[in-house]
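J.: This structure is in structure tokens; I'll ask about it shortly.
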Amino acid sequence: MNQEKVQPNGLSRREFLKKTGAAGLGFYVAGALLRSQSAFASDMPTDLLDAVAKEDGKLNIFNWSYYIAEDPVTDKDYGVDLTDVTPTIEKFQQEFNISVTYDTFESQEEMLAKVRPGGSGYDVVVFTNYYVPQAKGLKLIQPLDRSWLTNAENLLSRFQGPPFGPDPEFVVPYLWGVTGYAYNQGAVHGDSRVGHWSLLFRGNEYKNKMTMLDSVFIDGVNAALAHLGFSINERSRVPLLAAGDVLMEQKPLLQAYTSGTVRDQLATGDVLIAQLWTGDALAAQQQNAAIQFAFPNEGSDVWVDSMSVLAESKRPATAHLWMNYILRPRVAAGIATWVAYATPNNAALDFIPEAQRTSTVIYPSDDDLKNYALFVLPEGDALALRQQIADELLG
Amino acid sequence: MRSVRHRLGRFLWQHPGAKAGTALSPIVFWIALFIVGPLFVVLFYSFLTSGPFGSIQYNPTLENYQKTFVANDLRTNEPTPNWLYLNIFGRSLALAFVTTLICMLLGYPVAYWIALRGGRYKNLWIALFIMPFWTSYVVRIFAWMFLLRDPSGFINQLLLQSGLIQEPVQLLYNVTGVLIGMVYTYLPFAVIPLYASLERLDRSVLEAASDLGARPWQRLRYVTLPLTRGGIMSACVLTFVPAVGEYLIPDLMGGSKVNMIGNFIADKFLRDQNWTLGSAMSVILILIVMAILIIYLWRGHRHGILEGDF
């Protein structure tokens, strides 16, 4: 990894404010000032633009925090000049004369708590793949008009359907990544368990120097299932209970269940092994070159965050305009470069800095992912069992 | 117009109850709207049924309360007392109690010193106690985590480099970490009411005690402490009540390993999307705290120490 900035923001991307419930980092810029500008928009279907013109010129977006290009992506900082499409929201407003209100959340659960009762006022909301079926089941989101999403052809085929494409009828993939673990190369040097979950579950030598993600009912149980040789989507009682036992045995070895602070703790060496997502591990690596990321051989989950239009949205056309805009190769590249997660947009890869594009952590090979799957949130007993396991573990 | 006002005045004059009601109406309205109202929503939800995907079904039930006390064992599926939840209620009460105790032991000498020995800088010292509130609570908790981490935290580095310890001590992600965070957070809530009551202490009574030959500790034991019991009770209540419901500190400084009831209730609402069970657990927590307060205040009232202090 060279000196180019992979992850520019200070503390953790997703989770810093999670505990406060304070998601209202409202980002509002009046588009009215920019009315004079109107760019050539050949990739937008004319009927879409007509429909947009009939709406009120506003758009409310709800996304993970630190999950869009908030600053210009300059050659000096990143090795590529994407200043024509970054900061993303500002450029969109300028081109289409839309006034965007952009709010952020710190967890899917927090987002659901706001969106589910209705009346949240959002048009476009980002769901992680395993909450999409629930959003559909609750009729929170509406089917998309694919004829308006002309740029969807830029998506990699693996994200347009199984195994990694969540429901193309309802969502447009935004960014993706993998849950694995980060480790300190200096501390675990020569340990044959690197690349296996057993390092985290049986690493007695690293007692109090290891952490697991705090959404135990998903990430903890998934890791334990994979460690035991089951699929992360296993739903039978016996394997799930066995996973619960493994987590219980692991608890005394762990320093904490956390996601918010772990990046920094890896960098300082307070934590040596941490269950983590790809992009966060890379951010820690920028501060401490000894940090590496492992794709556990036994499997784990690939997750895809994707955009949906809320069923109650009164601006479906403007929402489609936004999504088709995000699907533009350079726009997608600007976002992926700034946040250092992987874009599902094939055509965007050409514009991404070399350091990121060739990183096997951000863009793992098919071989790395051969035991990986999208996690499907179970319903009924299997879900209740996962929640009970987490309760017992944290209680 | 004048006669209407006049008659209203007379009416209120003749009916002291209505007069008090009118004078208090903004605060009564405020409490009804923002405190009693939401509590009734929670109470209402606690008797409903949760459906799939966190939907709420309007079937009245007591199941949520039953679930808090009786659970089916994870392995045998037999109904057993819900030790998990009962344990967490117990742990929350114990942690809040210890926090209150430490806050009193630390806060009383501080408040005493400021009130009686603070001199002309009294207000400055009190302002210093209030100053942390100028920054966000979350930021302050993160700051503590940077101080306490092992081994890179400031405190561990100081101890290691001064040779006082050979191995780093674990001050975070355990009960110690949670208690440090709680005592830090709630200490001002203890100091302020203690200060207020010590400040009002009649100095001539203290002088009289000394003149009559009381030793300093006798004066403290038989004069100062009894005269400030009202302040001590206010300080205990103001520390204990928010401490029982603490959520952020166990989550961050306890690393989710020393969870309290607040964390569990948040999990029910957010993670499980089970608003009805979360509501029932909230109601039980409120009832427990209320019961403790009533016993406490009733005992205080019996000792006749509340007058003038509440």
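J.: Are any residues in the range A:293-333 of a type in the set (Asp, Glu) and touching a strand residue (DSSP E or B) at 6+ places or on another chain (Cβ under 6 Å), and if so, which ones?
T.: A:ASP301, A:ASP305
J.: From (1) within 11 Å of chain A (Cβ to nearest Cβ); (2) modelled with pLDDT of 95 or more, pick out the condition that doesn't hold for B:ASP272.
T.: (2)
J.: To continue, here is another question. Filter the range B:43-56 for residues that are under 18 Å from A:PRO117 (Cα atoms) and either surrounded by 16 or more Cβ atoms within 10 Å (Cβ to Cβ) or within 14 Å of chain A (Cβ to nearest Cβ) (or both) and give the result.
T.: Matches in the range B:43-56: B:TYR45, B:SER46, B:LEU48, B:SER50, B:GLY51, B:PRO52, B:PHE53, B:GLY54, B:SER55, B:ILE56.
J.: Report, by residue number, each residue of the range A:201-223 that is among the hydroxyl-bearing types (Ser, Thr, Tyr) and closer than 18 Å to B:ASN263 by Cα.
T.: The one that is among the hydroxyl-bearing types (Ser, Thr, Tyr) and closer than 18 Å to B:ASN263 by Cα: A:SER215.
J.: If you don't mind, another one. Can you tell me which condition B:GLU78 does not meet? The list is (1) free of Cβ contacts under 8 Å to residues at least 60 places away in the same chain; (2) surrounded by 12 or more Cβ atoms within 10 Å (Cβ to Cβ), and all the others hold.
T.: It is condition (2) that B:GLU78 fails.
J.: Evaluate the following for A:TYR341: is it in contact with a helix residue (DSSP H, G or I) (Cβ under 7 Å, 6 or more places away or on another chain) and closer than 30 Å to A:ASP56 by Cβ?
T.: The answer is no for A:TYR341.
J.: Can I ask one more? I'd like to verify a number: residues in the range B:254-268 that are within 8 Å of chain A (Cβ to nearest Cβ) and not small (Gly, Ala, Ser), how many?
T.: Residues meeting the conditions: 5.
J.: From the residues in the range A:243-259 that are within 11 Å of chain B (Cβ to nearest Cβ) and under 24 Å from A:GLU379 (Cβ atoms), which one is farthest from the chain's Cα centre (by Cα)?
T.: The selected residue is A:ASP245.
J.: Against the definition (away from chain B (no Cβ under 14 Å), out of contact with any Phe, Trp or Tyr (no Cβ under 9 Å at 6 or more places or on another chain) and surrounded by fewer than 23 Cβ atoms within 10 Å (Cβ to Cβ)), how does A:ASP103 come out, yes or no?
T.: In short, no.
J.: Can I ask one more? Could we say that A:LEU321 is crowded, with 18+ Cβ neighbours inside 10 Å, more than 19 Å from A:GLY161 (Cβ to Cβ), within 14 Å of chain B (Cβ to nearest Cβ) and touching a residue at least 24 places away in the same chain (Cβ under 8 Å) here?
T.: Against the criterion (crowded, with 18+ Cβ neighbours inside 10 Å, more than 19 Å from A:GLY161 (Cβ to Cβ), within 14 Å of chain B (Cβ to nearest Cβ) and touching a residue at least 24 places away in the same chain (Cβ under 8 Å)), A:LEU321 does not qualify.
J.: Now, a different point. How many residues are charged (D, E, K, R), in contact (Cβ under 8 Å) with a residue 60 or more places away in the chain and surrounded by fewer than 22 Cβ atoms within 10 Å (Cβ to Cβ) when one looks only at the range A:110-154?
T.: 4
J.: Among the numbered conditions (1) in a loop (DSSP other than H, G, I, E, B); (2) modelled with pLDDT under 95, tell me where A:PRO133 comes up short.
T.: Unmet condition: (1).
J.: Same structure again: How about the range A:260-283: which of its residues are within 13 Å of another protein chain (Cβ to nearest Cβ), crowded, with 22+ Cβ neighbours inside 10 Å and of a type in the set (A, V, I, L, M)?
T.: Those that are within 13 Å of another protein chain (Cβ to nearest Cβ), crowded, with 22+ Cβ neighbours inside 10 Å and of a type in the set (A, V, I, L, M): A:VAL262, A:LEU266, A:VAL271, A:LEU272, A:ALA274.
J.: Quick one: is A:GLU110 over 19 Å from B:PHE269 (Cα atoms) and either modelled with pLDDT under 95 or in contact with a helix residue (DSSP H, G or I) (Cβ under 7 Å, 6 or more places away or on another chain) (or both)?
T.: no
J.: B:GLU167 fails exactly one of the following numbered conditions: (1) assigned to a loop (DSSP other than H, G, I, E, B); (2) within 14 Å of chain A (Cβ to nearest Cβ); (3) crowded, with 16+ Cβ neighbours inside 10 Å. What is the number of that condition?
T.: For B:GLU167, the failing item is (3).
J.: Hey, another quick one. Would you mention how many residues in the range B:89-145 are surrounded by fewer than 16 Cβ atoms within 10 Å (Cβ to Cβ) and outside any helix (DSSP H, G or I)?
T.: Final tally of qualifying residues: 2.
J.: Counting just the residues of the range A:225-259 that are outside any helix (DSSP H, G or I) and buried (at least 24 other Cβ atoms within 10 Å of the Cβ), which one comes out modelled with the lowest pLDDT?
T.: A:SER259
J.: Quick one: in the range A:340-362, of everything that is over 14 Å from the mean Cα position of the chain (by Cα) and part of a loop (DSSP other than H, G, I, E, B), which residue is farthest from A:GLY165 (Cα to Cα)?
T.: Here the answer is A:PRO353.
J.: Which of the residues belonging to the range B:27-72 are part of a loop (DSSP other than H, G, I, E, B) and more than 33 Å from the chain's Cα centre (by Cα)?
T.: B:GLY51, B:TYR58, B:ASN59
J.: If B:ALA243 satisfies all but one of (1) at the interface with chain A (Cβ under 10 Å from one of its Cβ atoms); (2) under 14 Å from B:LEU179 (Cβ atoms), what's the number of the condition it fails?
T.: It fails just one condition, (1).
J.: Can you tell me which condition A:GLY380 does not meet? The list is (1) at positive phi; (2) surrounded by 20 or more Cβ atoms within 10 Å (Cβ to Cβ); (3) not aromatic (Phe, Trp, Tyr), and all the others hold.
T.: The one condition A:GLY380 does not meet is (2).
J.: Restricting attention to the range A:260-302, and to residues there that are within 19 Å of A:GLY195 (Cα to Cα) and among the hydroxyl-bearing types (Ser, Thr, Tyr), which single residue is modelled with the highest pLDDT?
T.: That would be A:SER300.
J.: All but one of (1) facing another protein chain (nearest Cβ under 9 Å); (2) not in a helix (DSSP H, G or I) hold for B:ASP251, so report the exception by its number.
T.: Only one criterion in (1) facing another protein chain (nearest Cβ under 9 Å); (2) not in a helix (DSSP H, G or I) is unmet by B:ASP251, namely (2).
J.: Within the range B:203-212, is there a residue that is in contact with a helix residue (DSSP H, G or I) (Cβ under 6 Å, 6 or more places away or on another chain) and within 12 Å of chain A (Cβ to nearest Cβ)?
T.: no
J.: Take the range A:37-79 and flag every residue that is assigned to a loop (DSSP other than H, G, I, E, B), surrounded by fewer than 21 Cβ atoms within 10 Å (Cβ to Cβ) and aliphatic (A, V, I, L, M).
T.: Residues satisfying the conditions are A:ALA39, A:ALA41, A:MET44.
The values are calculated or read from the model by the stated rules, or taken from the named source; none is laboratory data. As the structure is a computational prediction, the values presented were derived from the model and not from experiment. FYI the Cβ positions are ideal-geometry reconstructions off the backbone, even for glycines, and counts take in every protein chain you see.
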